[in-house]
Amino acid sequence: MKRPAFLLALLALSLSAAAADVPAPPTIDAKSYALIDFQTGDLIADFNADQRVEPASITKVMTVYIAFDEIKQGRVHLDDLVPISKKAWHEGIDSSESRMFIEVGDKVKLSDLLRGIIIQSGNDAAVAVAEYLGGSEDVFAQLMNQYAQKLGMKNSHFMDASGMPNPQHYTTAHDIAILARALIQNFPDLYKIFSEQEFTYHNIHQFNRNHLLEKDPTVDGIKTGHTDAAGYCLLASANRDGRRLISAVMGTQSINYRETASLALLNWGFRFYETDAFFGPASPAATVRVWKGAQTQVAVGTLAPVALALPRGARDNLKVTQTLNTPVVAPVAAGQQIGEAVIQLDGKTLRSVPLVALQPVDKGSLWTRLVDTIRLWFHWT
């Protein structure tokens, strides 16, 4: 049976200072934006974050994500020579401002094409990679949508590899930030390409269009985008003192403004939010009586720390409600769910986490089981 829920006053982990007031995020003139904490995935600031917008060339982050995954799985390799079709070449001709300058019939290393996408924002390179991985760009677009679904990008749909305007080609600021987080988590070594500031191909030298790489040394990616319909967009990530934030600013009026707005969001997030960890094997939530066991108690908590992105000083105001499923009868396996903890701030639920046994408890002796059977009968009747 379940006993009534009770409060762990201040989680026994609280600091002594009162929670500080945190100012509102900066006012940004954009169609939408999202700021997330990399470690937790928590959305810490947003405006129209789930509103559909055109991603323009930020689409290419998904193209690169799929290529990185294919490399990780060993299905393709960085030194593969990719044939360049007339369609890929023509995509570059049609969008002369976003070209790697590959030629029909060329065979280009996959590593070069990836730099052509990431650094030069080459539409031609994006189509070449899509055709190599999917057989055709149409098939590759199906892969893009499958990946989006797996990653939890609930409001995204892709029609091509480079981000050409299309009413059925859309995403959201929140979805794009989710994609960026997965990119950095799953491919940390390959992600380093996004911090490279220049690339030369066919003796044509081009610079990374993400100028925040020059303006702030903590910024190490990710991608710009622009069409007349989408406006100026920027997906950025910065790592400061081991803490990473990701911002997605969609639909601003200029290159300079998308950079200023992105940096303002990142600065605000680092200044006024912090990432805290709770529970974990070293910090049990409770100790529970075990009946009929070789031990009479077991520590209950989480097998890994639970991380939360919180306003600066807000840890003191957290309220943790813990519900335990009792009685607990041996045998008990490590990791067996014993209850649940709900973490709240100002009445809003931040996280619900299962509470599990942190150690196994074997059955007790025949005598222990007999005695506890009698005790249980009296205790619960």
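The values are calculated or read from the model by the stated rules, or taken from the named source; none is laboratory data. Just so you know, these numbers come straight off a predicted model, no measurement behind them. All Cβ positions, even for glycine, are placed from backbone atoms using ideal geometry, and neighbour counts span all protein chains on display. We work out accessible area using only protein heavy atoms, side chains counted, and drop any ligands, DNA or RNA first. Shrake-Rupley method; radii C 1.70, N 1.55, O 1.52, S 1.80 Å.
As an exercise, identify the GluC sites (Glu not before Pro) in segment 192-269 lying in DSSP coil whose Cβ has no more than 16 other Cβ atoms within 10 Å.
Sparse-neighbourhood loop GluC sites (Glu not before Pro): GLU196.
Note down, for the chain, the three equivalent ellipsoid semi-axes (square root of 5 times each alpha carbon gyration tensor eigenvalue), biggest first, whole angstrom.
On the way: eigenvalues 492, 124, 54 Å².
Semi-axis lengths for the chain are 50, 25, 16 Å.
Separation of segment 171-210 and segment 303-381 by C-alpha centroid, Å?
Using only Cα atoms to place each centre, the spacing works out to 42 Å.
Cα gyration tensor of segment 168-261, axes a ≥ b ≥ c as square roots of the eigenvalues: rounded (a/c below 1.5), prolate (a/b > b/c) or oblate?
Values: a/c = 1.39, a/b = 1.05, b/c = 1.32.
Rounded is the answer for segment 168-261, as its axis ratio a/c remains below 1.5.
Of all the C-alpha pairs in segment 133-205, what % are more than 22 Å from each other?
Details: 954 of 2628 pairs.
The answer is 36 percent, as a whole percent.
Between PRO165, THR252, ALA309, whose Cα lies farthest towards the positive end of the dipole of the chain when Lys and Arg beta carbons carry +1 and Asp and Glu beta carbons carry -1, centred on the Cα centre?
It is ALA309.
Give me the percent of the accessible area of segment 144-214 that comes from carbon and sulfur atoms, probe 1.4 Å, all protein chains in place.
Carbon with sulfur: 49 percent of the solvent-accessible area.
Per residue, how much accessible surface does segment 21-154 expose to a 1.4 Å probe? Answer in Å², no decimals.
43 Å²
Near the amide H of TYR273, under 5 Å away, which other amide H atoms are found, from residues 5 or more places off or on another chain, if H is placed in the peptide plane?
Close amide H contacts, sequence-distant or interchain: ARG312.
Return the loop-located trypsin sites (Lys or Arg not before Pro) in segment 277-359 (DSSP other than H, G, I, E, B) with at most 10 other Cβ atoms within 10 Å of their own Cβ; answer none if there are none.
Sparse-neighbourhood loop trypsin sites (Lys or Arg not before Pro): none present.
Please state the charge dipole magnitude for the chain, taken about the Cα centre, from unit charges on C-beta atoms (+1 on K and R, -1 on D and E), reported in debye and rounded to the nearest 20. Kindly include the intermediate steps, with their values, before the conclusion.
Values: 35 positive and 39 negative charges, 388 e Å.
Dipole magnitude for the chain comes out near 1860 debye.
What pairs in LYS87/LYS192; LYS60/LYS223; LYS319/LYS348; LYS87/LYS107; LYS154/LYS223; LYS60/LYS192 have C-alpha atoms more than 18 Å from each other?
LYS87/LYS192; LYS154/LYS223
May I ask you to give the percent of accessible area on segment 51-124 that is carbon plus sulfur, with a probe radius of 1.4 Å?
Working: 1350 of 2940 Å².
Summing carbon and sulfur atoms, their accessible area is 46 percent of the total for segment 51-124.
If I compute solvent accessible area with a 1.4 Å probe over the protein chains, what percent of it on segment 218-326 is carbon and sulfur?
With neighbouring chains kept in place, the figure for segment 218-326 is 49 percent.
In debye, nearest 20: dipole of segment 261-372 around its Cα centre with unit charges on the Cβ of K, R (+) and D, E (-)?
Magnitude of the dipole: close to 80 debye.
Could you give each residue of segment 59-70 its phi-based ³J(HN,Hα) in whole Hz, using Karplus coefficients 6.51, -1.76, 1.60 with θ = phi - 60°, and x for Gly or Pro?
3, 5, 5, 5, 4, 5, 4, 5, 4, 4, 5, 4
Over segment 305-381, give the accessible area per residue in Å² for a 1.4 Å probe, as an integer.
For segment 305-381, the solvent-accessible area averages 52 Å² per residue.
Using a 10 Å cut-off on Cβ atoms, rank the peptides 368-374, 64-70 from the highest mean neighbour count down. Please list the in-between numbers first.
Details: 368-374: 14.1, 64-70: 20.7.
Ranked from most to least packed, the peptides come out as 64-70, 368-374.
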